[in-house]
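Taken together, the values in this text are just the output of simple stated rules run on the coordinates, not laboratory data. Keep in mind the model is a prediction, meaning the values are calculated, not measured. In this analysis, Cβ positions are derived from the backbone assuming ideal geometry, glycine residues included, and neighbour counts consider all displayed protein chains.
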Amino acid sequence: MGLMDNLKAKFGPAKDKVSDLAQQHGGKITHGIDKAAKVVDERTKGKYSDQIQTGSGKAKGAMDRLAHKDDGTTTPPSAPPPSAPPSAP
């Protein structure tokens, strides 16, 4: 058995437990992420708002992926809407 197989065997139960906790407490986790982002944004006086918003969005996405790992309802990240073609004069 290789190193990766050993790691997967040892961390498999932990990943399942984290997934269960994410499913049970998803709302609280999301609220905490939002609250932390708001505090950091206020402390930086809005200087890094875009980066904070991006980071909190990615954290929520990761939490959602963990929470929906087993039930098959994982949705792929949505692509940004296509840009409208420039109007001809």
| query | Which of the residues spanning the range 37-55 are among the charged types (D, E, K, R) and in a helix (DSSP H, G or I)? | reply | 38, 41, 42, 43, 50
| remark: Within the range 26-46, the residues that are farther than 18 Å from residue 62 by Cβ and either surrounded by 12 or more Cβ atoms within 10 Å (Cβ to Cβ) or touching a residue at least 60 places away in the same chain (Cβ under 8 Å) (or both) are 38, 41, 44
| said: Can you confirm whether residue 23 is in a helix (DSSP H, G or I) and without any contact (Cβ under 8 Å) to a residue 24 or more places away in the chain? | reply: no
